[in-house]
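Colleague: Provided herewith is a single structure, encoded as C-alpha cells, for subsequent inquiry.
Any read-out appearing in this document is the output of simple, stated calculations on the displayed coordinates, not a laboratory observation. What you see is a predicted model, and the numbers here were worked out from it, not measured in a lab. A quick note on method: Cβ atoms are made from the backbone with ideal geometry, for glycine too, and the neighbour counts reach across all protein chains shown.
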Amino acid sequence: QVQLVESGGGLLQAGGSLTLSCAASGRTFESYHVAWFRQAPGKEREFVATSNWRGGDPEYADSVKGRFAISRDNAKRMVWLQMNRLKPEDTAVYYCAARMGPVTTIEYDYDFWGQGTQVTVSS
C-alpha cells in the first residue's frame, strides 16, 4: 500500500507558473510508477504526465507538452509537476496516482490515488 498526498494548488492568472507536489508515505516501494491526472467539472479525468520512482521516460499529454514538466526525487519519495504558461483550460483538480508495472496513461490502470489539489487559472 502507498499513500499519496498532493499539495501546491492555488489560484493564479493565465501565463503564470505553479508547481504541484506529490508525497508518498506508508509502505512505499520505490519501483511504483506514478502519474498526474486532472479532472474538471463536467469532464472525464484525463492523463497529464507520468514518472516513476526508478526514473524512466517521461510522457505528457498533448495539451501540456512544452509547458509542464514532471520530476522526482526517490530519496525524498516526492514527485513534482511544474506547470508553466498556464491557461484557463488547465483549471482542474490535479491528482497523483501510483501503480506497479510499466508506464501507462490509462486512468483505470492506477490503483492508488491522492485526494487531489485544485488549480484555478483565471483569464
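Colleague: Let me have the relative contact order for the chain, percent, based on Cα pairs under 8 Å that are six or more residues apart.
Modeller: 35 percent
Colleague: Additional query: Under the rule that an exposed site lies in a DSSP loop and has at most 14 other Cβ atoms within 10 Å, name the longest stretch of the chain with no GluC sites (Glu not before Pro) of that kind, not counting the sites themselves. Can you show the working numbers first?
Modeller: Working: sites that count: 30, 44.
The longest uninterrupted stretch comes out as 45-123.
Colleague: Find out how many positive minus negative residues lie around residue 4, taking Lys and Arg as positive, Asp and Glu as negative, among other residues whose Cβ is under 12 Å from that of residue 4. Present the calculation step by step, with values, prior to reporting the outcome.
Modeller: Values: positive: 77, 99; negative: 6, 111.
The answer is 0.
Colleague: Taking Cα atoms of segment 39-85, Rg/Rh with Kirkwood Rh, to two decimals? Spell out each step's value before the answer.
Modeller: Numbers: Rg = 12.0 Å, Rh = 11.8 Å.
Rounded to two decimals, Rg/Rh equals 1.02.
Colleague: For a protection proxy built on the mean count of beta-carbon atoms within 10 angstrom, sort 95-102, 109-116, 11-18 highest first, please. Numbers along the way, then the final one.
Modeller: On the way: 95-102: 18.6, 109-116: 16.4, 11-18: 13.4.
Listed from highest to lowest mean packing, they are 95-102, 109-116, 11-18.
Colleague: Please report the Cα spread of the chain along all three principal axes, rounded to whole Å, starting with the longest.
Modeller: Each principal axis gives a Cα extent; for the chain these are 41, 27, 25 Å.
Colleague: Among the lysines, select those whose C-alpha is under 19 Å from the C-alpha of residue 43, and discard any that sit fewer than 8 residues away in the same chain.
Modeller: In chain and number order, the partners are 87.
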